[in-house]
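Below is one structure, written out as structure tokens, with a few remarks after it.
The values are calculated or read from the model by the stated rules, or taken from the named source; none is laboratory data. Keep in mind that what you see is a predicted model, and the values were worked out from it rather than measured. Ideal geometry is used to build each Cβ from the backbone, glycine not excepted, and the neighbour counts take in all protein chains shown.
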């Protein structure tokens, strides 16, 4: 007859492994709560800036009041306005990346209409989040942490496009002589700068023209062919 022996350490490991985590749910709820707070503050910030206030002029009190929370509650989740802006940047770039997925997610179809759909969505996201994006560019000039966050977010988008280019090169649809990472970085910054510099001073009617131009440049650069006229 074989006797199963467990030493003290092993016994504790077995017992602990069978005990459900009591911290998982509170942590998940806290993260969900934080995301809700960030979204409310994003909406509040954009509303106030559309009324003419600059981000540097907005106090924590005013932002908190507009978002329907107390100043004390603000500081539970954020260190200061710079920390808030960095968090908001993640929300905004998440929306931009979601628009870009209209192309990236179906790039295997090799359809320029997918590129146009993505560019149209990116431009619409820039329009929607223009106040925060303007604030990000302003603060990046003198806040090293904001500048680093902005670069990291663009680098993340560039990294996703790099994989799209590499996949296209693997199936022979995208020019193999292009350095994938460098090309993705150049195209990502081109779109960012074109939107950031042009949209604040142009009417909404300009958006279709810009989407067409960005589509033509991106498509021709990668596939070395003009977009077919419908």
Quiz item: Which is within 27 Å of residue 46 (Cβ to Cβ), out of contact with any helix residue (DSSP H, G or I) (no Cβ under 6 Å at 6 or more places or on another chain) and either crowded, with 16+ Cβ neighbours inside 10 Å or assigned by TED's automatic domain parsing to the domain that holds residue 48 (or both), of 214, 222, 161, 133?
Solution: 133
Quiz item: Any chance region 88-97 includes a residue that's out of contact with any strand residue (DSSP E or B) (no Cβ under 8 Å at 6 or more places or on another chain) and more than 30 Å from residue 219 (Cβ to Cβ)?
Solution: yes
Exercise. Identify the residue in region 198-207 that is in contact with a helix residue (DSSP H, G or I) (Cβ under 8 Å, 6 or more places away or on another chain) and part of a helix (DSSP H, G or I) and, among all such residues, is farthest from residue 133 (Cα to Cα).
Key: 206
Quiz item: Among the residues of region 106-126, which ones are closer than 17 Å to residue 174 by Cα and without any contact (Cβ under 8 Å) to a residue 24 or more places away in the chain?
Solution: 106, 109, 111, 113, 114
Quiz prompt | Test: residue 191 is in contact with a helix residue (DSSP H, G or I) (Cβ under 8 Å, 6 or more places away or on another chain) and within 21 Å of residue 84 (Cα to Cα) | solution = no
Quiz item: Could you give every pair whose Cβ atoms fall below 9 Å, whose first residue belongs to region 208-230 and is part of a helix (DSSP H, G or I), and whose second residue is at pLDDT below 80 and loosely packed, with under 15 Cβ neighbours inside 10 Å, counting only separations of at least 6 or pairs across chains?
Solution: 216/226; 219/225; 219/226; 220/226
